[in-house]
Amino acid sequence: ELIYLTFKFSDRQIRFILLIYLPKLLTLFPNKTFDFSNRIFNFFLQGMLDTDKSLRLQTLKTIPYILDEITERQLNNEILRSIAKTQVDPEEAIRTWTILIIVKISNRLTGISNRDNVLATIYTKSLKDPNIKTKLAALYGLKMSVDIFHVDVIANKVMSVIAPGL
């Protein structure tokens, strides 16, 4: 109960420390006894929208650890919606980490009927980013997700962005 209450605090330092130790907290509890999706997820998601860049970045880095704790709807809708906002973040590190996190969770996005279109849109948008690290992360994402894409998605979405760069 104490852990649930501390996630509700608005103090950024406490929330940051909770995010750092969240992976360890999740291993302390047996599967599904820690009610993350119902009692903590909404407070967790607020970190993605925080004005403090270090809190946004740490929240983003913690996403792969919570995948087993959240529902499919939370992953495919709420997490992706928040990630769309971090993809256009003013901080280049957050934009780069957004792509790296998408690469890590891409195989878990099963509830999306057009998963390859969504991923292609995300990666090609980052290929147009002025920062080289974000572009490299997008290329890495394309490489790691190439098995997911249908040929027509590669031809229409991906090649139309890569070809001018060549």
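The values are calculated or read from the model by the stated rules, or taken from the named source; none is laboratory data. Please read these numbers as outputs of a predicted model, since none were measured by experiment. Quick reminder, even Gly has a Cβ in these numbers, built from the backbone with ideal geometry, and neighbours come from all protein chains shown. For accessibility, only protein heavy atoms count, side chains too; no ligands or nucleic acids. Shrake-Rupley method; radii C 1.70, N 1.55, O 1.52, S 1.80 Å.
Counting only C-alpha contacts under 8 Å and six or more residues apart, can you give the relative contact order of the chain as a whole percent?
On the way: 145 pairs, mean separation 27.8, N = 166.
Once divided by the residue count of the chain, the mean separation gives 17 percent.
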Computing the accessible area with a 1.4 Å probe over protein heavy atoms, can you report the carbon and sulfur percentage for the stretch 1-126? 53
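Given the pairs 8/125; 53/157; 24/133; 85/157; 8/135; 8/104, which are separated by over 25 angstrom at their Cα positions?
Correct reply: 8/125; 53/157; 24/133; 8/135; 8/104.
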Measure of size requested: the Rg and Dmax of the chain, with Cα atoms as the atom set and Å as the unit; please supply both. 16.8, 56
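Considering Cα pairs under 8 angstrom that are at least six residues apart, work out the relative contact order of the stretch 97-157 and quote it in whole percent. All intermediate terms of the calculation are to be shown ahead of the outcome.
On the way: 45 pairs, mean separation 25.7, N = 61.
It rounds to 42 percent for the stretch 97-157.
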For the chain, what does the helix formula give at 222 nm: sum of -39500 (n - 2.57) over DSSP H segments with n ≥ 4, over the residue count, nearest 500 deg cm²/dmol? -18000 deg cm²/dmol
With Cα coordinates, the longest principal axis of the chain makes an angle with the long axis of helix 115-127, in degrees rounded to 10, of 80
Accessible area per residue, 1.4 Å probe, Å², for the chain: what's the number? 56
Charges only on Cβ, +1 for Lys and Arg, -1 for Asp and Glu: so what's the dipole of the chain about the Cα centre, in debye to the nearest 20? 220
For helix 132-145, report the angle its Cα long axis makes with the longest principal axis of the Cα atoms of the chain; keep it between 0 and 90° and round to the nearest 10°. 90
Report, in degrees rounded to the nearest 10, the 0 to 90 angle that the Cα long axis of helix 12-28 makes with the longest principal axis of the chain. 90
